[in-house]
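The structure under discussion appears below in the form of structure tokens.
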Amino acid sequence: MKPHLTTILASSFFLAVLGLVIWFGIPDAQNTSRGDRVLVVTSIYPLADFAENIGGNFVYVSSIVPAGAEPHDYEPAPREVGQVLEADVLVYIGGGLDTWVEEVSDETTERGGRVLKMSEVVTFASDGENVDPHAWLDPVLAQEMVTVIRDALIAADPEHTEQFTLNAAAYIQALRDLDVSYSAALKKCDLNDIIVSHDAFGYLARRYDFNILPITGLSPEAEPSVRDLSVLAREAEERGITTIFFETLVSPELAETLAKEVGATTAVLNPLEGLSPEELQAGDNYLSVMQKNREALSSAMLCQ
């Protein structure tokens, strides 16, 4: 199969950026506030939040995709490439989400950094052709991610093994509590189907036994046809769906159009690919957003 044109262009862009970084030298990725802390560079927000909770004051965490940006087609700037290269620990998802990291991950290893590709250490779902990268939305799989990040931090900074171990244990307990709360909240519901703006919630649906009907595929940039929307409208009416979910980092236009067509309301279901500046300013994090998602699902599916 020939590579898609956008993949070729993205790869060419990244190699050009890498060339600039190598030619001019690695930018100062450490930031004056880093001090002697372990530099952890992550591709997306959830991984950064996990690393911060595990590492505490002994790590400096930088997430390459900035607040408000959608990661699927993100193109990093030269300074951001420099951060990847200089990381003590580099953590990214894989599974086709953050392919731009692949271009320099080997370089990070050669410079002495540790590289964690989550799709290689956690079992990701696949339909045989496409891998679903959104595994962080499953609180159980999130516990596995926390464990491997903990081990990488211990390897990078064994002096603080006890602190990393204790922090990870506390966060894993919080994730266990989150899992229990989802199971309880979604155990008995009048509806068992939801419509979402893109196919990011498969892990969550499988874990808690409900069905998702996505407007777009694994990438939110895909455009559904008029026929696709017509089919979804019919499904919504037949299944009694009264809420159409949209996301904070993607235009709600398609969700709003479909909702208007079937007389439904709209609500946010956040795939946590990143937080908006407003969410960060409000103090939101992985756990708080997941709790909001649970409440939104419980309301939309008319759970007891």
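The values are calculated or read from the model by the stated rules, or taken from the named source; none is laboratory data. None of the values given here were measured: they were computed from a predicted structure. Heads up, the Cβs are rebuilt from the backbone with ideal geometry, glycines too, and the neighbour counts pull from every protein chain shown.
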Condition met for residue 181 (small (Gly, Ala, Ser) and surrounded by fewer than 22 Cβ atoms within 10 Å (Cβ to Cβ)): yes
Some residue of region 208-231 being surrounded by fewer than 20 Cβ atoms within 10 Å (Cβ to Cβ), in contact with a Gly (Cβ under 7 Å, 6 or more places away or on another chain) and among the β-branched types (Val, Ile, Thr): yes
Evaluation of residue 270 against (1) assigned to a helix (DSSP H, G or I); (2) surrounded by 15 or more Cβ atoms within 10 Å (Cβ to Cβ) (one fails), failing number: (1)
So residue 177, is it closer than 30 Å to residue 56 by Cβ and charged (D, E, K, R): yes
Segments classed as helices (runs of 4 or more DSSP H), wholly inside region 93-195, with at least 2 members that are touching a residue at least 40 places away in the same chain (Cβ under 8 Å), out of contact with any Ser or Thr (no Cβ under 9 Å at 6 or more places or on another chain) and not assigned by TED's automatic domain parsing to the domain that holds residue 258: 99-110, 139-156, 161-185
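Of the residues 288, 230, which single one is part of a helix (DSSP H, G or I), over 26 Å from the mean Cα position of the chain (by Cα), outside the structural domain of residue 142 (by TED's automatic domain parsing) and not aromatic (Phe, Trp, Tyr)?
Details: 288 fails: over 26 Å from the mean Cα position of the chain (by Cα).
Step by step, each of 288, 230 is checked, and only 230 is part of a helix (DSSP H, G or I), over 26 Å from the mean Cα position of the chain (by Cα), outside the structural domain of residue 142 (by TED's automatic domain parsing) and not aromatic (Phe, Trp, Tyr).
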